[in-house]
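Let me begin by presenting the structure, written as structure tokens, before commenting on it.
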Amino acid sequence: MTAHINTFGLRGVNGFLVDAEINISKGLPYLDIIGMGNTAVRESAGRIRAAIENMGYDMPLGRITVNLAPAGVRKEGACYDLAIAMGILKCAGCDMPHSGRFGFIGELSLDGFLRPVRGVLSMVKEAARIGIRKCIVPVENADEAALIDSCEIYPVASVQEAVHTVCSFSDGSGEVRTPWKYSGGTRMRDMRGEARADFADVKGQEQAVRAAELAAAGGHNILFMGAPGCGKTMIATRMAGILPELTKEEALEVTPVYSVLNMPESASLITRPPFRTVYPDVTKAGLTGGGGTPVPGEISLAHKGILFLDELAEFGRNVIQCLRQPMETGAVSISRCGETVTFPAEFMLVAASNPCRCGNLFENGKCICTPFQAKEYLSRISRPVLDRIDIQVPVRRVDLENTESGHTGESSEAIRDRVIKARLIQSERYRNESVRLNGRLDGALVRKYCAVDAECERLLRICADREGISVRGYEKILKIARTAADLEGRRDITSKDIAEAVQYRFLDSYFQEAV
Amino acid sequence: MADIVNASENAVIHIWLSLMGKPNYRISEMITSSCGGLRNAWDMSEKRHVPDEIQKNRRLAERFTDPSQRERALDIYRQCERKGIGAVFPDSDGYPDLLKEIINRPSVLYYAGRLPCDAGKDGYAMLSVVGSRRCTPYGRTNAYGISRELALAGIGIVSGMARGIDSEAHRGALSAGGYTLAVLGSGTDIIYPPENARLYSEILEKGCVISEYPPGTQPYRSNFPARNRIISGISAGTLVIEAARSSGAMITVDRAIEQNRNVYAVPGNITSESSQGCNSLIRSGVVCVTSHNDILADMNIESRERECGWINGLYGAEAACASAINRGYYTVNDIVRYADMSITDILSALTMLEIKCIVSKAEDGTYRLV
Ligand SMILES: Nc1ncnc2c1ncn2[C@@H]1O[C@H](COP(=O)(O)OP(=O)(O)O)[C@@H](O)[C@H]1O
Ligand SMILES: [Mg+2]
């Protein structure tokens, strides 16, 4: 006798359908699980046997073979337990004619109760995509699973409850369970407290705050450079607070990344753009993802949000180099044992760095580095990555006691309102393109959308003559000018926008001088 | 010797004499007079005939007759020819007049570019500007600004092409299309510090690089204090901008005082270490300089009031920025606060001012008036 049960596996951040086939044939009692499972999968035999018996069912006699199809794809984890148990019960004669309309997800404990598993959101998302409209999941994963509207979720606590739920659909008694309603979870925790940190706390630093606003509005990568304690981290951490809320669509791309890592954030829909801080001691795998079974790294956790690299110049060169592909494509691919997994990684890069070894280069004569040491320090920053940082600003210490320089700035809310408006203009303008933000425009698109008049052309030419601007530098200026115009709701880029944009190529000109 | 014509013969002998020891002006004069002329000295050396006066000093006598010293002089001469480096001597045309007056003048001066007399500058129209290699934006601004103004008034700016104040002084003079002269502690063909390569070639083109060391000499640390006497000696006066209490610039000041030249100093912040030297000079009575006009007045040179037309041509944010910088607000944040205008207006105004060559942006992102 054979039964088929739908369940789901996880590859990267995507779920995939697994057909658990169960066959019972004559022979000595034995439970065999095949289909490229890892140890956790193979060990489910023990858990399932105990769970079924402890729930008061009889384990069928005979040789039981479980095949997890497609058999050619690696599988791991205990999330198939429930499905296999259901299949065995069905084979053993439990009447569940509608079981084929369900997907089953969950790990079993020896007493027959369910434990939560990671990646439920991705699995349910896949279920909905391929037309499975009902899923049975562990109670703890209910809210997460219910984020997907087009799938009915039936949380269960035990194998027995799962059986009853499925049966209630078949006996026609009319007593059908109602699907779980998303309870809103616990309101998502502030990510790194950014919701509390407000730009109003920042004293002075008009230049850096303006640059942060531009970067947020256009999705430009940005670098703050200045002495320790001048407020780089302070400003950077406040940047998440001026980004608009994620759309439902974006939230459903971001939350699965956290779900796959079983992070508490995924208990509810992530609606604020994530903010992830990375320090120079991060490993390559920690940054881009990896591991035996590849799991997402920080750049994927920062998907649709901000990746903050603190102390950019201290990062290892090969760690930084791995940012190039994701910055270009918005995704990262990891190959393991002949399988390639792709994680989303469309982040905005925010970086902070000291300007020299002692950090005081901009602090009026306090620097004790030789010019050579100062240049050497900056040259540690990977050029290809620097090339992709549109906005570069020097930051100086503010005399916090001095009331004159101590007046506080605008609130994050006021800035965010302008950012939201600018982003709306952009998504309207780029509705037929694959990009959404000025910061993501490339060569051809820059020419198409950042056209300027003769007056601006003249200004650009003068600037180029004065300090030499590379093609990429030229594009950066146009993109920033486009964002400056969008922030003021202007259709055309004016020479004033260009003149402002020129001011953000601080390091580019520094390096140009060095060559 | 036969292959070298008369004028160059003189040069080779002068170079040879300068190799005889230090102080070379005194030794070469002693040798010349005891041998009864340049030519005689060379001939006696070839014939290993040593006058009594030289014989008194055994080391000198050995060197005097050593054929490899004569070879070396020929070699230096050929190198100069090949590299386009000139050499002048106290008794030849072109040797700076004021430098002739100092007692330990170099007996050979190697040069590249145009000597002051060829550029129409006599010694009284030359001023040296010296200061700390590690200077503050305040010092940079002043070194650049005052040198520029003085150059506009027709004064040649002398300095040492070191980092910091020196470089800014040269740049200021060059920006006004003026004459500037760099005195090096290495051969005139050796660029030090290396990041000044562009400045070096600009000075060569529009001014002059001189040194008492033969071509190819490396910038030995010990050369620099001696070099300072030439900086002060070639100029009518020395202006110090930012110098710590004991620094190379203060050595130059000592030489200038010994040579009976004028000393000027720009006052600085009393709490700033890099202004201690200048402030103590002012306390001890040197001329306190708060504008280039103070120097021009002291040197009896007609002061040329700078027309203020440039600031009249500005309006709005550009005018506000210019006057903020003029008042010593160098960073964008300070300018924004002083001008009380929006950051976007200020940033674009700064670009426009840069394009109009009214302000320039320093490496550290601060702005100053050009
Ligand atoms: N402009 C400022 N306004 C208010 N507080 C500031 C400012 N600059 C620095 N601080 C204070 O200094 C602390 C250190 O700043 P931080 O951002 O950690 O410096 P950095 O990252 O540049 O080393 C901040 O937590 C804040 O309390
Ligand atoms: Mg920090």
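Points to keep in mind about this one:
- Residues with amide H under 5 Å from that of A:V18, placed H, sequence gap 5 or more: A:T7, A:F8, A:G9
- Proximity of backbone amide H atoms, modeled 1.01 Å from N, is registered between A:A331 and A:A345 at under 5 Å, excluding neighbours fewer than 5 places apart on the same chain.
- Helix-derived mean residue ellipticity, 222 nm - over chain A, DSSP H n ≥ 4, -39500 (n - 2.57), to 500: -10500 deg cm²/dmol
- The 3J(HN,Hα) values that the Karplus relation (6.51, -1.76, 1.60; θ = phi - 60°) gives for region B:78-84 are, in residue order, 5, 4, 4, 4, 5, 8, x Hz. Gly and Pro appear as x.
- Two-site label geometry, A:R490 and A:R42: point separation in nm, points 7 Å out along Cα→Cβ: 6.9 nm
- Toward the positive end of the charge dipole of the protein assembly as shown, with +1 on the Cβ of Lys and Arg and -1 on the Cβ of Asp and Glu, the farthest Cα among A:M348, A:I270, A:C358 is that of A:C358.
- Rh (Kirkwood; distinct C-alpha pairs) - the protein assembly as shown, Å: 33.1 Å
- Take each residue of peptide A:364-376, count the partner chain Cβ atoms within 10 Å of its Cβ, and average: the result is 4.
- Taking the Kirkwood radius as Rh and the Cα radius of gyration as Rg, region B:316-369 has a ratio of Rg/Rh equal to 0.90.
- A:D281 - accessible surface, heavy atoms, 1.4 Å probe, Å² rounded to 10: 130 Å²
- Euclidean distance between Cα centres, region A:127-172 to region B:332-352, Å: 60 Å
- The count of lysine pairs in chain B that are at least 8 places apart or cross chains, and whose C-alpha atoms lie under 21 Å apart, stands at 6.
- Karplus 3J(HN,Hα) series, Hz, for region B:267-278 with 6.51 cos²θ - 1.76 cosθ + 1.60 (x for Gly, Pro): x, x, 4, 5, 8, 8, 4, 6, 10, 4, x, 4
- Over region A:292-389, all Cα pairs binned in 10 Å intervals from 0 give whole-percent P(r) values of 15, 38, 27, 15, 5, 1, listed from short to long.
- q = 0.16, 0.19, 0.27 Å⁻¹: log10 I(q)/I(0) that the Debye formula gives for region A:441-515, counting C-alpha atoms only: -0.53, -0.74, -1.36
- Under 5 Å between amide hydrogens, built in the peptide plane, is the criterion, and for A:L108 it picks out A:D81, A:L82, A:R115 among residues at least 5 positions away or on other chains.
- For region B:180-189, 3J(HN,Hα) per residue [Karplus equation, 6.51 cos²θ - 1.76 cosθ + 1.60, θ = phi - 60°, Hz, x = Gly/Pro]: 9, 10, 10, 9, 9, x, 10, x, 5, 9
- Region A:199-439 - convex hull of alpha carbons, volume per residue in Å³: 135 Å³
- DSSP bridge orientation in the protein assembly as shown - percent antiparallel, rounded to nearest 5: 40 percent
- Here's the picture: a label point sits 7 Å out from the Cα of A:E455 along the beta-carbon direction, and within region B:343-363 the residues with their amide nitrogen under 20 Å of it are B:343-357.
- Computed lengthening from A:S25 to A:S379, 0.36 nm per intervening residue step minus Cα-Cα distance: 120.5 nm
- Helix-derived mean residue ellipticity, 222 nm - over chain B, DSSP H n ≥ 4, -39500 (n - 2.57), to 500: -14000 deg cm²/dmol
- Given in Å, the Rg to one decimal and the Dmax to the nearest whole number for the Cα atoms of region B:6-83 are 11.8, 38.
- For region B:37-79 versus region B:105-134, the inter-centroid distance based on Cα atoms is 30 Å.
- For chain A, the Cα-based Rg and Dmax, in that order, read 27.7, 89 Å.
- Inter-part distance where region B:169-195 and region A:1-38 are each reduced to a Cα centre, Å: 81 Å
- Summarising the label geometry, the points placed 7 Å from Cα in the beta-carbon direction at A:Y182 and B:K356 lie 5.6 nm from one another.
- Rg to Rh quotient for region B:155-246, alpha carbon positions, Kirkwood Rh: 0.93
The values are calculated or read from the model by the stated rules, or taken from the named source; none is laboratory data. Bear in mind the structure is a predicted one, so any value in this text is a computation, not a measurement. Please note: Cβ atoms are built from the backbone with ideal geometry, for glycine as well, and neighbour counts cover all protein chains shown. Accessible surface areas use protein heavy atoms only, side chains included; no ligands, DNA or RNA. Shrake-Rupley method; radii C 1.70, N 1.55, O 1.52, S 1.80 Å.
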